[in-house]
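**Student:** My questions will all concern the structure given below.
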Amino acid sequence: MSETTPAILWEATAAEKQSAEITRYLQWLKESHQLCFSSYDELYQWSIEKPADFWRSLVAFYQLFSFPPDHPVISEYENDFIGVRWFEGVQLNYAEMIFRRATADHPAILFSDELNPEIRSLSWEALRQQVASLAHWMKLIGIKTGDRVVAVLPNTPEAVIAFLATQSIGAIWSSCSPDFGTNSILERFGQIEPVLLFTTSRVSYNGKPIDKNNLVEELRPALPTLQATVLIGATDSLTDATLHRWDQIMTIDGGELLFEPLPFHHPLWILYSSGTTGKPKAIVHSVGGNLIEHIKVLQLHWDVRPGERFFWYSTTGWMMWNFSVAAMLTGASLVLYEGSPAYPALGRIWEMAAAAKVHHLGVGAAYLIQCQKAGLTPDCSGLTSLRTIGSTGSPLTPEAFDWVYQAVKQQVWLISFSGGTDVCSGFVGGCILLPLYRGEIQCRLLGCDLIAIDEQGHSIEEAVGEMVIRQPMPSMPLFFWKDAGNQRYRSSYFEKIPGCWWHGDFIRISARKGIVIYGRADATLNRDGVRIGTAEIYRVLDTFSALADALVVCIEKKDGSFYMPLFVKLQDGQTLSAELQQQIRVTLRQQCSPRHVPDAIIAVPDIPYTISGKKMEIPVKRILMGTDPSKAADADAVRNPAALAAFVQQALS
């Protein structure tokens, strides 16, 4: 092995490869279409050279729906991918596709939480009955196809039930986590004019119950389009006619669960960007696009099988919640956990995975890195079922790769997965046919025409470049809500590299066709794997009369940790006292979330701006990471170049 080739940490056995779902697919392609591929790379190249054939074959292989052989899979497009239509004329329902794999052989959902660690289960039949009751009630109060239904719920079965009922009638789902502050939630939900809200009056975190009654009281009047609110866990009688108790709704006989047929491109759910350049973008995803993308990733790339148990530690405000619910499309049981991953101790997630006999476990890369740094050695005696460990949210360090194989399990497949809210899926991830090299993501996913480009726009390998995608994928956004003329959509992905989706990650494609991700190329903050918009922080800081201006960046260190300093310019006569710093931290925590609280607050004489009036977040980040200041920022493009001096000094100190 050469010095430049990383060690192979894992490789599937011949028997595992032979029984894999992707092998079954390859055999089907050979027998049904006379297509023979001797390697994953050959299959991948075909999937991007003949994308219509690939996606058509996926639909046929999994018998998702019928589609005439003479109809085009994808509509024509020119300069960008906005407005592309897939499988025109098809009607389907995402919730119906989940229930088609229902069985009495294994539960639909297993769940646990901090205060009640016992593993409980919900059968497919019970799930169907509860979804039917809720869907029937929703139709009774007038919720219809296309209405927006929102939730601020913990990661419990009720959130899944509410989503499935929403989708079954053709309404559009959107959710935020209860740890979001009121302002952050309203910046998201306020854009989409919801008619129904699901929420709770109490959650727990780190073993402590947290009262959420104030959140409910603040949200309802601020969302004037709401027709009704459903409270989960309410114990008092409700006198307001627009307030409804979940447990009472569940007593309704919903009859047969019906599914509204929806066009392939009908909205499924609305997710949100981080809010870097203003309000978070409300990203609308399609029913059909998410269906076939999730089937592709979970079955061909993750090898999830009927009856297995899929657990991804998440909150309901992260796209990985949506992705984990999609595991039910495969016939797998969904495992949920509500609470802190480190309460009462850092190994809680591993204990949960063992107790639930999980086959597929997913976490944020930051959690694995935290375990590695703490020298944690989980009790792995109960992890006999564990086949895969998924990691996403931020780059996973080579040292964390090592830790998984040294401390957790030698015969486990580590899938480093990277994509985004933008597609509610991944661009790069795992393949059971390939070896896993230390520090590398195994492959580009099928149907994802991804390359790295240099500063001149040329495709490069074995060097760091910017990640772009050259062809549309079915799960790319339909549109952004209330985005006139698709202006924000176009500026987000298609203005920088003509004809390509620019994603904003620095990556390197290795000689082995593996991928290494080096972090964000834009100003989005990446705090322990969760993307945060700088604009969210600035909007809070604008309320402080003592502050004249501010700039925040987040630096990904070589050891995988994050450092998020906040630089503030004070008003004349003001000082950065300990009291002011505490007020800033408390307000950011309350109005946004704990992840918005900076690691340090530093006073600077001035904040640098471009000539066009934009804060120079990216140049400041590069300076702090050691880039030569003359290369990090063009002085001629800076409105106040002297302002950079304080950041250069910070980098040197």
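The values are calculated or read from the model by the stated rules, or taken from the named source; none is laboratory data. Note that this is a predicted model, so its numbers are computed, not measured. Note: ideal-geometry Cβ built from the backbone for every residue, glycine included; neighbour counts use all protein chains shown. Calculation scope for accessible area: heavy atoms of the full protein, side chains included, ligands and nucleic acids excluded. Shrake-Rupley method; radii C 1.70, N 1.55, O 1.52, S 1.80 Å.
**Student:** Does residue 16 meet the test of being farther than 29 Å from residue 123 by Cα and either touching a residue at least 60 places away in the same chain (Cβ under 8 Å) or loosely packed, with under 12 Cβ neighbours inside 10 Å (or both)?
**Tutor:** So residue 16 fits the description; yes.
**Student:** It is to be established whether one or more residues within the range 320-342 are free of Cβ contacts under 8 Å to residues at least 24 places away in the same chain, more than 20 Å from the chain's Cα centre (by Cα) and open to solvent by 10 Å² or more (accessible area, probe 1.4 Å).
**Tutor:** No - not one qualifying residue is present in the range 320-342.
**Student:** To continue, here is another question. Scan the range 423-441 and tell me whether some residue there is at pLDDT below 95 and on the phi > 0 side of the Ramachandran plot.
**Tutor:** yes
**Student:** State yes or no: is residue 286 among the hydroxyl-bearing types (Ser, Thr, Tyr), in contact with a His (Cβ under 6 Å, 6 or more places away or on another chain) and either under 30 Å from residue 554 (Cα atoms) or at pLDDT 95 or above (or both)?
**Tutor:** Working: among the hydroxyl-bearing types (Ser, Thr, Tyr): yes; in contact with a His (Cβ under 6 Å, 6 or more places away or on another chain): yes; either under 30 Å from residue 554 (Cα atoms) or at pLDDT 95 or above (or both): yes.
So residue 286 fits the description; yes.
**Student:** How many of the residues making up the range 572-607 are without any contact (Cβ under 8 Å) to a residue 40 or more places away in the chain, outside any helix (DSSP H, G or I), more than 20 Å from residue 520 (Cβ to Cβ) and out of contact with any Phe, Trp or Tyr (no Cβ under 9 Å at 6 or more places or on another chain)?
**Tutor:** 6
**Student:** Tell me, which residue of the range 399-445 that is in a loop (DSSP other than H, G, I, E, B), of a type in the set (A, V, I, L, M, F, W, C) and within 14 Å of the chain's Cα centre (by Cα) is nearest to residue 42 (Cα to Cα)?
**Tutor:** Of the range 399-445, the ones in a loop (DSSP other than H, G, I, E, B) are 409-412, 417, 421-424, 430-435, 438-440, 442, 445.
Subsequent filtering for residues that are of a type in the set (A, V, I, L, M, F, W, C) retains 412, 417, 423-424, 431-434, 445.
If we keep only those that are within 14 Å of the chain's Cα centre (by Cα) as well, we get 417, 423-424.
Working: 417: 21, 423: 24, 424: 26 Å.
Per the criteria, the residue is 417.
**Student:** Identify, by number, the condition in (1) among the hydrophobic types (A, V, I, L, M, F, W, C); (2) at pLDDT below 95; (3) crowded, with 17+ Cβ neighbours inside 10 Å that residue 601 doesn't meet.
**Tutor:** (2)
**Student:** Give the residues of the range 586-595 that are out of contact with any Lys or Arg (no Cβ under 7 Å at 6 or more places or on another chain) and farther than 15 Å from residue 567 by Cβ, sorted by residue number.
**Tutor:** 586, 587, 589, 590, 591, 592, 593, 594, listed by residue number.
**Student:** Still on this structure, please answer the following. For residues that are of a type in the set (Gly, Ala, Ser) and at pLDDT below 95, scanning just the range 149-186, find the one that is surrounded by the most Cβ atoms within 10 Å (Cβ to Cβ). First the steps, then the outcome.
**Tutor:** Just the residues of the range 149-186 that are of a type in the set (Gly, Ala, Ser), to begin with: 151, 159, 162, 165, 168, 170-171, 174-175, 177, 181, 184.
Pick out the ones that are also at pLDDT below 95 and you get 177, 181, 184.
Working: 177: 20, 181: 21, 184: 25.
Filtering the range 149-186 for residues that are of a type in the set (Gly, Ala, Ser) and at pLDDT below 95, the one surrounded by the most Cβ atoms within 10 Å (Cβ to Cβ) comes out as 184.
**Student:** Ok, one more. Find the residue count for the range 75-107, including only residues that are over 30 Å from residue 332 (Cα atoms) and β-branched (Val, Ile, Thr).
**Tutor:** Result for the range 75-107: 2.
**Student:** Give the number of residues within the range 489-516 that are under 23 Å from residue 616 (Cα atoms) and buried (at least 21 other Cβ atoms within 10 Å of the Cβ).
**Tutor:** 6
For every residue, the table says whether it meets (1) in contact (Cβ under 8 Å) with a residue 12 or more places away in the chain; (2) open to solvent by less than 30 Å² (accessible area, probe 1.4 Å); (3) out of contact with any strand residue (DSSP E or B) (no Cβ under 9 Å at 6 or more places or on another chain).
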| position | (1), (2), (3) |
| --- | --- |
| 378 | yes, yes, yes |
| 381 | yes, no, yes |
| 388 | yes, yes, no |
| 400 | yes, yes, no |
| 403 | yes, yes, yes |
| 425 | yes, yes, no |
| 443 | yes, yes, no |
| 450 | yes, yes, no |
| 456 | no, no, yes |
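**Student:** Sticking with this one: Can you pull out every residue in the range 109-125 that is more than 28 Å from residue 288 (Cβ to Cβ) and either out of contact with any Leu (no Cβ under 9 Å at 6 or more places or on another chain) or surrounded by fewer than 16 Cβ atoms within 10 Å (Cβ to Cβ) (or both)?
**Tutor:** Initially, the range 109-125 is screened for residues more than 28 Å from residue 288 (Cβ to Cβ), giving 110-121, 123.
Correct list: 114, 115, 116, 117, 118, 119, 120, 121, 123.
**Student:** May I pose another question? Determine, yes or no, whether residue 258 is of a type outside the set (Phe, Trp, Tyr) and within 16 Å of the chain's Cα centre (by Cα).
**Tutor:** Judged against the criteria, residue 258 is not a match.
**Student:** So residue 283 fits all but one of (1) over 30 Å from residue 522 (Cβ atoms); (2) crowded, with 23+ Cβ neighbours inside 10 Å; what number is the exception?
**Tutor:** (1)
**Student:** Output the residue which, of all residues in the range 405-421 that are crowded, with 22+ Cβ neighbours inside 10 Å and not hydrophobic (A, V, I, L, M, F, W, C), is modelled with the highest pLDDT.
**Tutor:** 416
**Student:** Any idea which of (1) at pLDDT below 90; (2) touching a Ser or Thr at 6+ places or on another chain (Cβ under 9 Å) is the one residue 612 doesn't satisfy?
**Tutor:** (2)
**Student:** Quick one: which of 34, 45 is without any contact (Cβ under 8 Å) to a residue 12 or more places away in the chain and under 27 Å from the mean Cα position of the chain (by Cα)?
**Tutor:** Details: 34 fails: under 27 Å from the mean Cα position of the chain (by Cα).
That would be 45, the only listed residue that is without any contact (Cβ under 8 Å) to a residue 12 or more places away in the chain and under 27 Å from the mean Cα position of the chain (by Cα).
**Student:** Within the range 356-370, can you find the residues that are within 19 Å of the chain's Cα centre (by Cα), open to solvent by less than 10 Å² (accessible area, probe 1.4 Å) and of a type in the set (A, V, I, L, M, F, W, C)?
**Tutor:** Hits for the range 356-370 are 361, 363, 365, 368, 369.
**Student:** Ok, one more. Against the condition touching a helix residue (DSSP H, G or I) at 6+ places or on another chain (Cβ under 9 Å), touching a residue at least 12 places away in the same chain (Cβ under 8 Å) and either open to solvent by 10 Å² or more (accessible area, probe 1.4 Å) or hydrophobic (A, V, I, L, M, F, W, C) (or both), how does residue 565 come out, does it pass?
**Tutor:** no
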